[in-house]
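Heads up, the thing below is written out as structure tokens.
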Amino acid sequence: MILQAFFWYFAITMPIFAFLVISRKNPVHCVLWMLVFSIHSAALFLFLNAEFLAAVELILYAGAVLVLFIFVIMMMSMKEELAGELVIGEWPIAAALSIGVVLMFFFGVSNFAKGPSGPYTIEAIKAETNTRALGKLLFTEYLFPFEVASLILLIAVVGAMVLAKRKD
Amino acid sequence: MKYAMLIPFLPLAAFLINILFGRFLLKDRAHIVAIAGVFASFVLSVAVFIQVAGGATMNSDLYSWISSGGFRVSVGFLIDPLTAVMLIVVTTVSLLVHIYSIGYMHGDPGYYRFFSYLSLFTFSMLMLVTGNNLLQLYFGWEAVGLCSYFLIGYWYQKQSAADAGKKAFIVNRFGDFGFGLGVILVFLVVGSIQYSDIFASVGSLQGKTFPLFGYEVDLITLIALLLFCGAVGKSAQLPLHVWLPDAMEGPTPVSALIHAATMVTAGVFLVARFNPLFSLSPTAMAVVAITGAATSLFAATIALVQNDIKRIIAYSTCSQLGYMFLACGVGAFGAGIFHLYTHAFFKALLFLGAGSVMHAMAGELDIQKMGGLKKHMPVTYWTFLLASLSIAGIPGLAGFFSKDEILWMAYNGGMIGKIVWVVATIVAGLTAFYSFRIIFLAFHGSFRGTHEQEHHLHESPSVMTVPLAILAVGAVGAGWIGIPQALGGGNWIAHFFEPVLGHPHVHGTHAEEYMVMGISILAAALGIGTASYFYVMSPDMPKRLTERYKQIHTVLWNKYFVDELYDAIIVRPTKWVASTILVGFTDAKIIEGIVNGVPSLIQSFGMKLRKLQTGYLQHYGIVLIFGLFVLISIAFIAGTKTH
Amino acid sequence: MNPSPYNFTWPFSPPDNIVLVIAIILGKILVMVAAAMLHVAYCTWFERKIIGHMQVRIGPNRVGPFGLLQPIADGIKLFFKEDVIPRPGVGSTKFRIVFKVAPLLVLFATLSSLAVVPVFEAFYIANINIGLLYILALSAVSTYGIIMAGWASDSKYAFLGSLRSSAQLISYEVAMGLSLVGVMMLAGSLNFIDIVKAQQTSWHGMYLIPQFLGYFVFMVSALAETNRAPFDLPEAESELVAGYFVEYSGMRFALFFLGEYIAMIVMSCVAVLCFWGGWGLPPVLYKVVPALNDLPQSVKTFVEAVVFLCKVYSHLFLYYWIRATLPRYRYDQLMRIGWTVLIPLALVNIVITALVKYFF
Amino acid sequence: MPIPMEWYLGLGGVIFAVGMFGFLVRRNMFVMLLSIELMLNAVNITMVTFSHYLNDLRGQIFTIFIMTVAAAEAAIGLAIIVTLFRNKATIQADEIKEMNG
């Protein structure tokens, strides 16, 4: 009962936060709502037995990505940019499309069939701790993608610097 | 022994360093890297040779190169007596040519380029000889061809050099096409291209036939002949010999290394390597022997009348390669490789000597304009003389033993053997004649060139003469490892090759062997004597002979009109097809019609369509999502229907 | 929707006597928060006394014996002060709620960090497997309090202070996280209790010795993370008046103040747990004095708690000592130290630790 | 009483749709980027849900990679916006339409 209550709390608030993220006029508020959303998302991960990801969600999203957003937004003075229309004129089409996607999603989800069950049962993960199990998988089976991901990050760092550096 | 795998890769490393850093960093020091690489290879090769002589062999894979279905190729190395001898030949000549080139190429603007090509060539040739499968051989085969192309056209600003490069490349295509088919056929019938697998299954192929254009062809003969096609192209045998004399447009060290000592012998190496296959097909053997004999006679006769020093030596190379094939054709693969080995020394020496002469004569090639160089260039003269004696087959020198081994084997080789023995003996005489024609015309007598040239005459620097001297030692002594039993030697080389190349059964007696030897010495002496009579004692004799047998001279002078023949039956028709049909009709009417018509259609269509391109990011996003939505809906609908 | 065909178990099945469990947790939280508040109050007193003595002054000595009641007087003063909230500029879309939430967020984040700090082996609010990550995650969240405060104040000083602060916090968070990796590797766990227990296996009972490099990096970045001297650039009085909380007054200012001191305590706790061996005494001590083994359990627990607090306070003393000794860095120097010295050092530490752990 | 997997998936779907809507309609480029982050978060939730209900950690591994890509994407995206703002003095997506036909 309590767990269901928790779930419904998340199920109701998270779409609201998401909507607040996209509907605030001031981008700083958007980012702050996104922060609230990430914290909730991290909590939801805890319910899904993914404690490591919960921490990473906070450290990475809250600690790095969103701060970066806030930084960039705050450093650009765009008072006049905040005036004017919030959304484009075609927004009803987009809204209809989004609702269509949601409906299709529900339809698809209701037709899911269960795939084969993997070896990582909750007991197995608990015995080893989530972090260790993830680490083992990441550094053995997914070592190559992991290295590729590091390369992607490196490229992103260099690319961001090259793009944003003032050329004078 | 495991370091043997390093041998090809050291020159490759030198090549990479030179090609990457040579232009701006190394410049005139490019030779240091190249020589270091090839010297290391040489040392390793000697070590490998000593180990192989002690009975060790190696056949191992280094790296899985291609793996596709049942088709597996590795970069692998097979080190056996055959490979060991080839390694010695390639690295020794390559090393000496590298050193020689320091002097010869001094001051050339493409110095680094030259050395990187030489290194690349050495790498390719070593890959060719060390490979343990056909594809690696093929790789090396094509790579040496490519390097040959680069190096023939090294002075690419010169039209004739560029043309010669193209000619070599295109003529070789004909042979390589057959070779490629042979590789494919081998894979088709054996299921593997590893030498060991091929040789293991050769026995089971015997007697099988292969349908070709409706005829049932003997499988082994077909494979052997297809492979021999490649050998004919690479080793400049009839009828694909035309590229080799033209290849002399390249720098002389290149001629020595590629077009005399190593690359052109790849064909012989191929035939010898596949001796288990060839020896099962009498037809193929006969073809090899006859082709070899014919080429050898044909090229030797042309060499008699030419005046270009390098061309004479080039025809001589053709002729000697014919000798090697002839040996292989009568089953004496060991003798063929032995001749390959000795030939490498004296032929490289001849070329480098010619290069030294050219160096002194400021690029003059016509022996009619030389003369009396003996007193100006003693080292060049003596080494050149030793090489000529060796190639003429004077007893005691390297060429004598290998040539004699071939003649003796041919004499023992049945009907065909007897015929080719006669041809070979004649060729021996001709060889002696044209070799000494060069000696007498270029080094003896009085100088016939311009006054300026005479003033300029000088001996080459020691960086060029030392390699000559070293090669001269080889030209004299390289044959001593194969002194036949009849002369009290052990014929060590034949025993060395026996595990790989076998040893044909000899039924002749020692008396017969002395007879064969005597005849060949007689032929050589006759050739030298004639040459000295013609060019020393009565110098107007050649002119009179020319006038009397004018037709023969014209035919020989024009190299039997082979080039003109090819020009008429291949080059011109091809050009006609290209210019009238392909360019005139297909290109101008069909392709350009399509090329011009389609864009104008697209343009008018695009002018209307471009209105869709609003430039708004969100519009594209909406369209994108809509498309996705439709696609997934279709998938759902289709999915539900099938269930 | 179709009924779910999945058999599954909930990760943590709710206990039967859930009310009791919740009550116990709430009680623990209460104790922890009250203790923390009290400690903060006397931390300030401690700081003022120590710095006073270091600067050859006496420090607070009027209110109560040795000035012991001074913190309480300060608290009462702050509580009754007027709460001034700046009005946003004309046309600004900033909301006051951001201004109001900011100090709460800081306090919330730092107080919540205490939840995973075990004071002795049996006393903790939550024993989670990712304790260290949890602390790092919450310190990331607390950054937002500072950013929000500076932004919502609509003032240049505050804004500059918050920009500096957030940049500083982000930069040093990297160094801090990396410096703790060595500890994680040695202990093989992110759980504080496991880390402390792992330290007990060596004779000295603390990772300070094998991880001196990591500790150095951690210590410097902890100073920067808590905005303490010599890295107190965000609130540098001489340049920015008071940095990001220049517009705050009264109780809201006190909340920031509380947050900062609790953050200090949390950092000290982490340092003690990760590097100083937590509540444990060096095992060699038990060998030298065997009588310690025979102590009754209750005394043992008491000793553990005292040891822990002593270690935390000596660590806090280190903070004050550094503050009294070192001059403030310039901002560019601060950033350069963070990126070009501390992070490479932390990486070197990781490599060395990995090699040592792999080979020995 | 267990919670069915579909509920989590539905939640992820709704959040994804909200993020998509935001991306499609907002003029402010920052918010468009944030919407992308929202969509990625929704996918993360879905992945972790699958991971939990199928007893397979691969979902969480993918989430890690998605987060990596999200971080990289945010860095590059913001750099692009900074450059754009510097050159065109606007961050409204519909004021930048140089590529129209």
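The values are calculated or read from the model by the stated rules, or taken from the named source; none is laboratory data. Bear in mind the structure is a predicted one, so any value in this text is a computation, not a measurement. Cβ: placed from backbone, ideal geometry, glycine included. Neighbour counts: every protein chain shown. Heavy atoms of the whole protein, side chains included, go into the accessibility calculation; ligands, DNA and RNA do not. Shrake-Rupley method; radii C 1.70, N 1.55, O 1.52, S 1.80 Å.
Counting only residues at least eight positions apart within a chain, or on another chain, the lysines with an alpha carbon under 19 Å from that of B:K158 are B:K166, B:K167, B:K310. Helices in chain D that qualify as membrane-span-like (whole DSSP H runs, Cα extent of at least 15 Å along the helix axis, mean Kyte-Doolittle hydropathy of 1.6 or higher) are D:5-25.
Within the same chain, lysines fewer than 8 places from B:K418 are excluded, and of the rest, those with a Cα less than 26 Å from its Cα are B:K403. Counting Lys and Arg as +1 and Asp and Glu as -1 over every other residue whose Cβ lies under 12 Å from the Cβ of A:I125, the net charge comes to -1.
Compared with the dominant Cα axis of chain B, that is its longest principal axis, helix B:30-53 is turned about 70°. For region C:81-359, lysine pairs separated by 8 or more sequence positions, or belonging to different chains, with Cα-Cα distances below 18 Å total 8.
When the surface is traced with a 1.4 Å probe over the full set of protein chains, C:I76 keeps roughly 90 Å² accessible.
Taking every pair of Cα atoms in chain A, average 1/r, invert it to obtain the Kirkwood radius, and report Rg/Rh to two decimals. List each step's numbers first, then the result.
Working: Rg = 20.5 Å, Rh = 20.0 Å.
Rounded to two decimals, Rg/Rh equals 1.02.
Rounded to the nearest 500, the 222 nm mean residue ellipticity of chain A from helices alone is -23000 deg cm²/dmol, with -39,500 (n - 2.57) taken per DSSP H run of at least 4 residues.
Could you calculate the FRET efficiency of C:W321 with C:V288 from 1/(1 + (r/R0)^6), where r is the beta carbon distance between them and R0 is 25 Å, rounded to 0.05? Numbers along the way, then the final one.
Numbers: r = 29 Å, r/R0 = 1.17.
In this case the efficiency is close to 0.30.
Look at the stretch A:108-118: the mean tally of other chain Cβ atoms within 10 Å of its residues' Cβ atoms is 6. For C:E260, the accessible area of its heavy atoms, probed at 1.4 Å with every protein chain present, is near 20 square angstrom.
When the helices of chain B are scored as -39500 (n - 2.57) per DSSP H run of n ≥ 4 and the total is divided over every residue, the value at 222 nm lands at -22500 deg cm²/dmol.
Ordered by 1.4 Å accessible area with all protein chains kept, B:V75, A:V148 run largest first as A:V148, B:V75.
Only alpha carbons enter this Debye calculation for region B:408-517, each as an equal point scatterer, and the log10 of I(q)/I(0) it gives at q = 0.12 Å⁻¹ is -0.71.
Dipole magnitude of chain C about its Cα centre, charges +1 at Lys/Arg Cβ and -1 at Asp/Glu Cβ only, in debye to the nearest 20? List each step's numbers first, then the result.
Numbers: 24 positive and 19 negative charges, 101 e Å.
Here chain C has a charge dipole of around 480 debye.
In sequence order, region B:515-521 has phi-based couplings of 5, 4, 4, x, 4, 5, 5 Hz under the Karplus curve 6.51 cos²θ - 1.76 cosθ + 1.60, θ = phi - 60°, and Gly or Pro positions carry x.
Just counting partner chain Cβ atoms within 10 Å, what average do the residues of peptide A:25-35 show around their Cβ?
Values: counts 3, 7, 9, 9, 5, 8, 6, 9, 1, 6, 6.
Other-chain Cβ atoms within 10 Å of each residue's Cβ, averaged: 6.
I need the shape label for region B:1-72. Rule: rounded when a/c is under 1.5, else prolate if a/b > b/c, else oblate, with a, b, c from the alpha carbon gyration tensor. Since a/c reaches 1.5 but b/c is at least a/b, the shape of region B:1-72 is classed as oblate. Peptide packing for C:319-328, C:194-203 was compared via the average number of neighbouring C-beta atoms within 10 Å per residue; ordered from the highest value, the list is C:194-203, C:319-328. Measure nothing but the geometry: give the 0 to 90° angle between the long axis through the Cα atoms of C:96-113 and the longest principal axis through the Cα atoms of chain C, rounded to 10°. So the inclination is approximately 20 degrees.
Taking θ as phi - 60°, what are the ³J(HN,Hα) couplings along region C:253-261 by the Karplus curve (6.51, -1.76, 1.60), each to the nearest whole Hz, with x for Gly and Pro? Here the 3J(HN,Hα) series is 4, 4, 5, 4, 4, 4, x, 5, 6 Hz. Compared with the dominant Cα axis of chain B, that is its longest principal axis, helix B:492-501 is turned about 30°. Sorted on the mean count of surrounding Cβ atoms within 10 Å across their residues, most packed first, peptides B:468-476, D:68-76, B:619-627 read B:468-476, D:68-76, B:619-627.
How much length is gained on full extension from A:L86 to A:F107, taking 0.36 nm per residue of separation minus their Cα-Cα distance? Walk me through the intermediate numbers first.
On the way: separation 21, 0.36 × 21 = 7.56 nm, distance 3.17 nm.
Additional length available on full extension: 4.4 nm.
Per-residue packing, averaged as other Cβ atoms within 10 Å, sorts the ranges B:226-237, D:47-58, A:95-106 into the order B:226-237, D:47-58, A:95-106, beginning with the highest. Computed with every protein chain present, the accessible area of B:R173 is close to 80 Å² [probe 1.4 Å]. Around B:G393, which amide H atoms from residues at least 5 apart in sequence, or from another chain, sit under 5 Å from its own amide H, with H modelled in the peptide plane? The list, which skips near neighbours in sequence, is B:F400. Taken one residue at a time, the phi angles of region B:88-103 give Karplus couplings (6.51, -1.76, 1.60, θ = phi - 60°) of 4, 4, 5, 6, 5, 4, 4, 4, 5, 5, 4, 5, 4, 5, 3, x Hz. Gly and Pro are set to x.
Straight-line cross-link reach from B:K611 at under 30 Å between alpha-carbon atoms covers these lysines, not counting any fewer than eight positions away in the same chain: D:K88, D:K97. Take each residue of peptide D:89-95, count the partner chain Cβ atoms within 10 Å of its Cβ, and average: the result is 5.
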